[in-house]
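Working notes, structure below.
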Amino acid sequence: MVYQVYPRSFADSDGDGVGDLRGVESKLDYLAELGVDVLWLSPVYPSPQDDNGYDISDYRGIEPVFGTLDDFDRLLAGVHERGMKLVMDLVVNHTSDEHPWFVESRSAKDNPKRDWYWWRPPREGVPAGAPGAEPTNWTSFFTGPTWELDETTGEYYLHLFSRKQPDLNWENPQVRAAVHEMMRWWLDRGVDGFRMDVINMISKDTALPDSPGGDGSAHYLHGPRLHEFLREMHREVFADRAGATMTVGEMPGVTVEEARLLTDPARAEVDMVFQFEHVQLDHGPAKWDRTGLDLRDLKATLGRWQAGLADVGWNSLYWNNHDQPRVVSRFGDDGRYRVESAKMLATVLHLHRGTPFIYQGEELGMTNYPFTSAAQFRDIESVNHHALAGDVALPGLRAMSRDNARTPMQWDASPNAGFTTGTPWLPVNPNHTEVNAAAARAETDSVFHHYRALIALRHSEPTVVHGDFTMLLPDDPNVYAFSRSHRDTELLVLANFSPKEQRPDLGFPWWDAHLVLGSHSDGGTTLRPWEARVYRR
Ligand code: TEU
């Protein structure tokens, strides 16, 4: 399984209030105890931090706030010494506007790097800088237009995210060669693969047409050359390291059908994708208009992805990352049944077929932060949304802001949860006095030890990795039930997604089967609130 570290919020070794590489290194024994196979490190490259490092200004260095390349090499050695692997976050759909490539590109229309980015003149007949002069009507993920006027040359450049994140032009073979060379440089340094940021946006409709309502995604998601670019990348970067690397492509909007091609090993594109369907089930018209989750929708979505990649390709499995609110607050109960529902959610996810990803703190049952005012948010997506929508946006921000996932890792009950001796860049959740790694490791019934047991089961029981998946009770609004079968073993998973007792009818006395792992220590003929059980039949 893969554990995502968001370095800025993981562990601070020098008291500046921001996590760093030496901090990560100091926690490697904790990760090894959990049973981590692969560490995914969110970006630590030099960056102005406009989007917390997803705006890179130098692909071959370390942002000083996180440390040095020597610190990185020592961390990598420590990861490998413990039999773990490390994958980096590859952010190459865009760079920072402070990257030398962009500084050169914007300097003049005839600069050799002009075509490394997307430059267009103002819309026909509209003066530069006037409203509506943007070359397309697309809106950015972070509000506002996706085009920024550059006064020097009087042209606009494309940025699907912030204006400090100009999109690279992947149509240009020089861009692709420079990215491949940089990737090889990290692999030669000993890195074991990459998580690829919004990698399904690198091929765009070069006509750059307008879109009804300004949603340009039909013209930049999964464009006409995506498979070609990924196969070329695989050939140029990974082919001679067969089997020694792992890649996962983050692909907003990717479908099961597309993922069958993208993750088919015979096509040599990527190993896995992050799909977004299950983490958009509770979105209204926008993510901020959060609706309740209907368990039947979740079962239909995850069931479809299990069936779709059953015979070809491979699933990633996740509830959390640095962009998603904490799952125990979102799909579980972060109050009375926090421990039970965190264990239940983990059991459901980790018993599916695919590679599970754990986001830092998920293994402790960490919850959303109790934000009270918009001034507390730091994430550019939340800050820009509030600037546009005003305080009416606060409920949506409290529920869905990415900052919910970015409050410091809770190591112990001391001030600042042992994350820093300084002032944390984002406040520590007040519940760290109860919810923290030290308490969890000492408590045999903790969420942490349940995650350890799930990971140990995956490492010991082949059915968890190889077993066929069968969804059961698809129409039950409270119970998530499925089986996994491999050779002569069948595992049966029952999970109560409700605060009420449930006795699902499976047509046989499931409670008589052998209880392999449960969120509670014993069995019984009814599932208690938020209880999960794994049986071997
Ligand atoms: O996220 C891609 C992405 O689409 C997210 O912005 C997601 O749509 C949004 O957060 C949902 O609210 C990746 C990174 O994970 C994210 O942190 C970056 O901000 C983004 O790309 C740009 O690099």
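Please treat every number below as a calculation from the coordinates, not as lab data. What you are looking at is a predicted structure, and each value in this text was computed from that prediction instead of being measured. Note that each Cβ is placed from the backbone with ideal geometry, even for glycine, and that neighbours are counted across all protein chains shown.
General remarks:
- Angle in degrees between helix 173-188 and the longest Cα principal axis of the chain, rounded to the nearest 10: 40 degrees
- Bridge orientation summary for the chain: considering DSSP beta bridges with both residues in this region, about 60 percent are antiparallel.
- Going from the residue with the fewest nearby Cβ atoms within 10 Å to the one with the most, Phe66, Phe508 rank Phe508, Phe66.
- Filter on Lys85/Lys287; Lys204/Lys287; Lys109/Lys164 - keep pairs with C-alpha separation over 22 Å: Lys85/Lys287; Lys204/Lys287
- Calculated FRET value between Ala177 and His80, using beta carbons and R₀ = 25 Å, to 0.05: 0.30
- Hydrodynamic radius by Kirkwood, which averages 1/r over all alpha carbon pairs of segment 1-64, in angstrom: 12.4 Å
- Residues Glu134, Glu151, Glu363, Glu501 arranged by fewest to most Cβ contacts within 10 Å: Glu151, Glu501, Glu134, Glu363
- Added length on full extension, which subtracts the Cα-Cα distance from 0.36 nm per residue, Thr291 to Glu501: 73.2 nm
- The base-10 log of I(q)/I(0) for segment 195-327, evaluated at q = 0.11, 0.18, 0.20 Å⁻¹, reads -0.45, -1.11, -1.27 [Debye formula, identical scatterers on Cα atoms, solvent excluded].
- Cα long-axis angle, helix 447-460 against the chain (0 to 90 degrees, to the nearest 10): 90 degrees
- Karplus (6.51, -1.76, 1.60) ³J(HN,Hα), θ = phi - 60°, over segment 499-509, in Hz, Gly and Pro reported as x: x, 10, 5, 9, 10, x, 9, 9, x, 8, x
- From phi via Karplus (6.51, -1.76, 1.60), per-residue ³J(HN,Hα) for segment 54-63 in Hz, x at Gly/Pro: 7, 9, 8, 10, 7, 7, 10, x, 10, 4
- Overall form of segment 468-536 per C-alpha gyration tensor (a/c, 1.5; a/b vs b/c): oblate
- Residue-normalised convex hull volume from the C-alpha trace of segment 251-328: 94 Å³ per residue.
- Taking other C-beta atoms within 10 angstrom as a stand-in for reagent exposure, Tyr6, Tyr30 fall in the order Tyr30, Tyr6, fewest first.
- Given in Å, the Rg to one decimal and the Dmax to the nearest whole number for the Cα atoms of segment 103-231 are 15.7, 53.
- Stretchable slack from Arg536 to Thr68, in nm (0.36 nm times residue separation minus alpha-carbon distance): 163.6 nm
- Folded to 0 to 90 degrees: helix 295-308 orientation relative to the chain principal axis, Cα: 70 degrees
- The Rg/Rh ratio for the chain is 0.96, where Rg is the radius of gyration of the alpha carbons and Rh is the Kirkwood radius.
- Rounded to the nearest 500, the helix-only mean residue ellipticity at 222 nm of the chain stands at -7000 deg cm²/dmol, with each DSSP H run of n ≥ 4 adding -39,500 (n - 2.57).
- Kirkwood hydrodynamic radius computed over segment 77-118 comes to 12.8 Å, based on all pairs of distinct alpha carbons.
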